Amino acid sequence: MKLNYTHLRSFWAVAHEGNLTRAAERMGVSQSALSTQIQSLEARLGQALFDRRGRALHLTEAGRIALGHADVVFDAGEELVATLAGTGGPREVLRVGALATLSRNFQMRFLAPVMGREGVEVILRSGSLAELLAGLEAHRLDVVLLNTVPPRDAATPWVVHPIDRQSVSLVGAPGRVGTGRDLETLLSEEPLVLPVIETSLRAGFDRLADQLGVTPTIVAEADDMAMLRLLAREDLGLALVPPIVVRDELESGVLVEAAALEGVEEAFVAITLARRFPSPLLPELLDRAGAGAEEGV
């Protein structure tokens, strides 16, 4: 039996509305008809698409996968209509997920080759590691940008692309940094603003401090690079960040680099899935980023 696309659209509408009543009103059908169509689709696919908890509907794992495919189907349909109607040319859409804590400057540098290009739309979403990987597996995202390699095993379908490595420095307000102090003295005398202990960046710093025999004074910890940047601007202490995070402040002189931390780096990776029809924009971005990482850019 072939897939009934009317049933698929009913599922798609309910999944996006998150509510059977609102979806039925939007589509101009009864709730019972909409529910029957979704049940027929579930029977055809052999999977439950929603977990029904009282009146609330939550997508199952199969539902998330089905929604990703439905998004592709109906986006393509809208693009076809627009193209043949002469209201718009063919578009290439790239759906990018990034950790909510990831440097915005890094994200923009990675996407710069395609941002603003005619016929290209970039959709940016942020979230937790679990949310992003779920979106990737459900085909709602084409690529996920992280600063850590997610745990995986032989059964995990992700493909990991190293795309950049950034040196890390202590940065702070000019008056706090001063001149003439070496790294060990700075770590001993100045309060520090650090990434939280769960991050690989913090692990590298803690290892370096242990090697130097220094017990630093930590006044704040954050898991968000934007917050570390703000705390440094507020002169709460010296912040441990990749310089790209505070590039604008360094260029304007609001912050200065106190010391580079040799051997402490932040690695950036892109996570994709092996697909029959990947976004044609991805190879260009990954190749450029990979070449830059090899050159140490």
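The values are calculated or read from the model by the stated rules, or taken from the named source; none is laboratory data. Note that the structure is predicted; figures quoted are calculated from it, not measured. FYI the Cβ positions are ideal-geometry reconstructions off the backbone, even for glycines, and counts take in every protein chain you see. Side chains are part of the model used for accessible areas, which takes the heavy atoms of the whole protein and leaves out ligands, DNA and RNA. Shrake-Rupley method; radii C 1.70, N 1.55, O 1.52, S 1.80 Å.
At a glance:
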| item | result |
| --- | --- |
| Surrounding net charge for ARG181, when Lys and Arg each add one and Asp and Glu each subtract one, Cβ distance under 14 Å | -4 |
| Per residue, in Å², the accessible surface of segment 97-246 once ligands and nucleic acids are set aside, probe 1.4 Å | 47 |
| Top of ILE244, ILE123, ILE163 by mean-square fluctuation, Gaussian network on the chain, Cα under 10 Å | ILE123 |
| Span from the segment 134-179 Cα centroid across to the segment 1-71 one, whole angstrom | 35 |
| Rounded to 5, percent antiparallel among DSSP beta bridges of the chain | 55 |
| Tilt relative to the chain, helix 200-212 - C-alpha long axis, 0 to 90 degrees, to 10 | 20 |
| Charge dipole (the chain, unit charges on Cβ, about Cα centre) - positive-most of PRO162, VAL196, LEU94 | LEU94 |
| Degrees separating the helix 5-17 axis from the principal Cα axis of the chain, which is the longest one | 40 |
| MRE, 222 nm, helices only [DSSP H, n ≥ 4, -39500 (n - 2.57), over the chain, to nearest 500] | -13500 deg cm²/dmol |
| Choice from ASN105, ASN147, ASN19 with maximal GNM fluctuation in the chain (Cα, 10 Å cutoff) | ASN19 |
| Top of GLU266, GLU121, GLU25 by mean-square fluctuation, Gaussian network on the chain, Cα under 10 Å | GLU25 |
| Protection proxy ranking of 36-47, 210-221, 187-198 - average other beta-carbon atoms within 10 Å, highest first | 187-198, 36-47, 210-221 |
| Angle between the chain longest axis and helix 31-45 axis [Cα atoms, degrees, rounded to 10] | 80 |
